[in-house]
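First up is the structure itself, then whatever we jot down about it.
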């Protein structure tokens, strides 16, 4: 019924975070929360393939980093039927590459993608919701 993944990281050099939830993971709630405070390179990959949950998929990422961030959140396939909520808060100074992809029939009632970015030099943000993403 409930799958809760919470990661809190405070590190200075290189962080490579890979959260992969494959197959039919849960039927009621999938909650992924990542809080990162790091000073150099961050590579965050959150992938929820397949039919992940039937009622709620909640992905929340808070990043405070000073150098390079590569953030990839991919939710392919039929991810959830009621609510898909993706929230990303990023405060970084040099380079940010943010890719949020929700292909296919992602949800039937609500798709909520919120990205807050405070960065100075270069930002590459790609949010793709192709196909029949939501019915309501």
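Every number here is computed from the coordinates shown, using simple stated rules; none is lab data. None of these values were measured; they are calculated from a predicted model. Quick reminder, even Gly has a Cβ in these numbers, built from the backbone with ideal geometry, and neighbours come from all protein chains shown.
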So, in nm, how far is label residue 20 from label residue 123 when the simple model puts each one 7 Å beyond its Cα toward the Cβ? 3.0 nm
Additional length obtainable on full extension of the chain from residue 72 to residue 5, 0.36 nm per residue less Cα span: 22.5 nm
